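Undergrad: Take a look at the following structure, please.
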Amino acid sequence: MDVVVQKYGGSSVSCTDKIKSIAKNIIQRKKQNSKIVVVVSAMGDTTDDYIKLANGITEKPSKRELDVLMSTGEMISASLLAMALNSLGCDSISYSAYQLQISASGSHGKSQIDDIDVSKIEKSLEEGKVVIVTGFQGVNDKGDITTLGRGGSDTSAVALAVKLNGKCEIYTDVDGIYSTDPRKYKDAKKLQEIEYEEMLELASSGAQVMHSRSIELAQKHGIEIYVGLSCGKEKGTYIRGGKEMKLEGKVITGLATSDEDTSITIKDFNSNNIASLFEDIANKGISVDMISQTAPVDEKISVSFTIPKEELNECKSIVSSYASDEEVVIDNNITKFSLVGLGMKNTHGVASKVFKIFNENNIGIKLITTSEIRITCAIDSKDKQIAINKIARGFDL
């Protein structure tokens, strides 16, 4: 029988009553699937609370120590859920990333899983136990605890499903994946299914239902993901690809927004330095998303790019070695606004319709990037809600 890997997000385990409800659901599910592995996030807003605690000590907490601190949240959730199951007569055991030797590499706070030793998990499953695993974390080559970034528990769950050749189910506080965030647009439509490529673009563009690396991993190994409401009866959404997907569909599948980035513009920049600038930024592990530059005039250009707000200070120190303060413009009031759909590959006029709607509603565009299935515009944050409303109606999302 297939192993079922379930993941419960922070809102699903935010209090002991919810943890007890999840335990009862797991026991019922065990009657259908005897081998269940559960990945848990930290309770509620615990991660945010820990970051505030750290910032109360110092403005620049050590990333290593921050990972040590934040990893404790998942350990608490895992042990409490195991206790809840055991108290109901269901044999259960919790494991941390350290106990399982979930090996990870990369920088603290945004590491990637390299491998998982599942021997302990398999042994516990054979003994009839429900196995609870801490999400969001791994162990690097120095033996230090490291974390995978926001939403990293999704990646933990998919990675375990890959290693155990099992199914993956993601349970959260929404009953599936919607065309856009229903909290921002009340008429958003729930999707019965979505293709890996579309979900990856949406997740990378700010949709917070899934961690983007978890989608990459699922697509690479052909792991179908079910996303649904924890302890709910409503049918959720399947993320998958291949022959099961409909060949024809809407041009636009979904809309995502993100307020997590800031843009940096360097004026009168020597075009010969463009490669070394972005190499220096990359060497610091800073993620660059949107990039735009003007045509060179006497080897001078204006170049703009976006980075996560949390990495602004580190990026500014790099930029300062290439340009004076007067030549650098920083804009923190941007929203990345993305439309995604496989139908864009074979449909013309999508971009012109977007730009027309923006123009009719006096929404200025600061930066634009595109792919075969995505259009992303950086707009002023104050225009975000009207942009969501008008575009969602315009494309029937």
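We did not get these values from a lab; they are worked out from the coordinates using the rules stated. Fair warning: this is a prediction, and the values are worked out from it, not measured in the lab. Cβ: placed from backbone, ideal geometry, glycine included. Neighbour counts: every protein chain shown.
Undergrad: Please rank GLU216, GLU279, GLU198, fewest neighbouring Cβ atoms within 10 Å first, as an exposure proxy.
TA: Numbers: GLU216 17, GLU279 9, GLU198 26.
Arranged by neighbour count, lowest to highest, GLU216, GLU279, GLU198 become GLU279, GLU216, GLU198.
Undergrad: Continuing with this model, one more query. For the residue pair VAL297 and LYS356, what label-to-label distance in nm results when each label sits 7 Å from Cα along the Cα-to-beta-carbon direction?
TA: Modelled inter-label distance: 3.3 nm.
Undergrad: Run the numbers for SER21 and GLU279: contour at 0.36 nm per residue of separation, minus the present Cα-Cα distance, in nm.
TA: Working: separation 258, 0.36 × 258 = 92.88 nm, distance 4.96 nm.
Gain on stretching SER21 to GLU279: 87.9 nm.
Undergrad: How many times 2.2 N^0.38 Å is the alpha carbon radius of gyration of the stretch 224-330?
TA: Working: Rg = 20.7 Å, N = 107, 2.2 N^0.38 = 13.0 Å.
Ratio of Cα Rg to 2.2 N^0.38 Å: 1.59.
Undergrad: Suppose we keep just the DSSP beta bridges with both residues in the chain; what percent of those would be antiparallel, to 5?
TA: Values: 44 of 71 bridges.
DSSP beta bridges in the chain are roughly 60 percent antiparallel.
Undergrad: Right, next: Quick check: net charge around GLN6, other residues with Cβ under 13 Å of its Cβ, Lys/Arg +1 and Asp/Glu -1?
TA: Working: positive: LYS7, ARG29, LYS30, LYS35, LYS167; negative: ASP2, ASP154, GLU169.
Its environment carries a net charge of +2.
Undergrad: So if each residue of separation counts as 0.36 nm, and I subtract the Cα-Cα distance between ASP117 and LYS63, what length gain in nm does that give? Numbers along the way, then the final one.
TA: On the way: separation 54, 0.36 × 54 = 19.44 nm, distance 2.55 nm.
Length difference between fully extended and current span is 16.9 nm.
Undergrad: Could I ask something else about it? Would you be so kind as to identify all helices of the chain, as entire DSSP H runs, whose Cα atoms reach 30 Å or more along the helix's own axis and whose mean Kyte-Doolittle hydropathy is at least 0.0? All intermediate terms of the calculation are to be shown ahead of the outcome.
TA: Details: long enough: 63-87 (37 Å, 0.48).
The qualifying helices are 63-87.
Undergrad: Please give the length that would be gained between ILE51 and ILE76 if that part of the chain were fully extended, namely 0.36 nm times their separation in residues minus their C-alpha to C-alpha distance (nm, one decimal).
TA: Values: separation 25, 0.36 × 25 = 9.00 nm, distance 1.65 nm.
Net length gain for the segment: 7.3 nm.
Undergrad: Pairs of Cα atoms under 8 Å, at least six residues apart: use those to get the relative contact order of the chain, whole percent.
TA: Reported relative contact order: 14 percent.
Undergrad: Excluding SER94 itself, calculate the net charge of residues whose Cβ lies under 13 Å from the Cβ of SER94, where each Lys or Arg counts +1 and each Asp or Glu counts -1. Write out the running numbers ahead of the final one.
TA: Working: positive: LYS120, LYS129; negative: GLU74, ASP91.
With Lys, Arg at +1 and Asp, Glu at -1, the net is 0.
Undergrad: Per residue, how big is the convex hull around the C-alpha atoms of the stretch 4-173? Give it to me in cubic angstrom, could you? Numbers along the way, then the final one.
TA: On the way: hull volume 16.5 nm³, N = 170.
For the stretch 4-173, the hull spanned by Cα atoms encloses 97 Å³ per residue.
Undergrad: Quick one: how many lysine pairs does the stretch 101-225 have with C-alpha atoms less than 23 Å apart and a gap of 8 or more or different chains? Give me the count, please.
TA: Within the stretch 101-225, the lysine pair count is 14.
Undergrad: Send over the Kirkwood Rh of the chain, from the inverse of the averaged 1/r over different Cα pairs, rounded to one decimal Å.
TA: On the way: mean 1/r = 0.0443 Å⁻¹.
For the chain, the Kirkwood estimate is 22.6 Å.
Undergrad: Report the net charge of residues surrounding ALA161, where surrounding means a beta-carbon distance below 10 angstrom and charges are Lys +1, Arg +1, Asp -1, Glu -1. Intermediate results must be reported in sequence, preceding the final value.
TA: On the way: positive: LYS7, LYS163, LYS167; negative: ASP2, GLU169, GLU224.
The answer is 0.
Undergrad: Name the long-range amide H neighbours of LYS35: under 5 Å, sequence gap of 5 or more, or other chain; modelled H, no Pro or chain starts.
TA: Placed amide hydrogens put VAL4 under 5 Å from LYS35.
Undergrad: Further question on the same structure: How would you rank HIS348, HIS211, HIS221, HIS108, going from fewest to most other Cβ atoms within 10 Å of each one's own Cβ?
TA: Numbers: HIS348 7, HIS211 25, HIS221 13, HIS108 20.
With the sparsest Cβ surroundings first, the list reads HIS348, HIS221, HIS108, HIS211.
Undergrad: Evaluate E = 1/(1 + (r/R0)^6) for SER381 and GLU310, where r is the Cβ-Cβ distance and R0 equals 25 Å; express this FRET efficiency to the nearest 0.05. Before the final figure, lay out the partial values.
TA: Working: r = 17 Å, r/R0 = 0.67.
Efficiency, from the Cβ-Cβ distance: 0.90.
Undergrad: Separate question: Take the alpha-carbon centre of the stretch 14-52, take the same for the stretch 293-341, and report the distance between them in whole Å.
TA: 41 Å
Undergrad: Separate question: Given the DSSP H assignment, sum -39500 (n - 2.57) over each helix run of at least 4 residues in the chain and divide by its residue total; what's the result at 222 nm in deg cm²/dmol, nearest 500? Walk me through the numbers before you get to the answer.
TA: Details: 12 runs with 136 residues, N = 397.
About -10500 deg cm²/dmol.
Undergrad: Please give, to one decimal in nm, the separation of the simple spin-label points placed at LYS189 and SER321, each 7 Å out from Cα toward the Cβ.
TA: The modelled label-to-label distance comes out at 5.1 nm.
Undergrad: Quick check on the exposure proxy: order CYS231, CYS315 from fewest to most C-beta atoms within 10 angstrom.
TA: Values: CYS231 13, CYS315 20.
Ordered by Cβ neighbours within 10 Å, fewest first: CYS231, CYS315.
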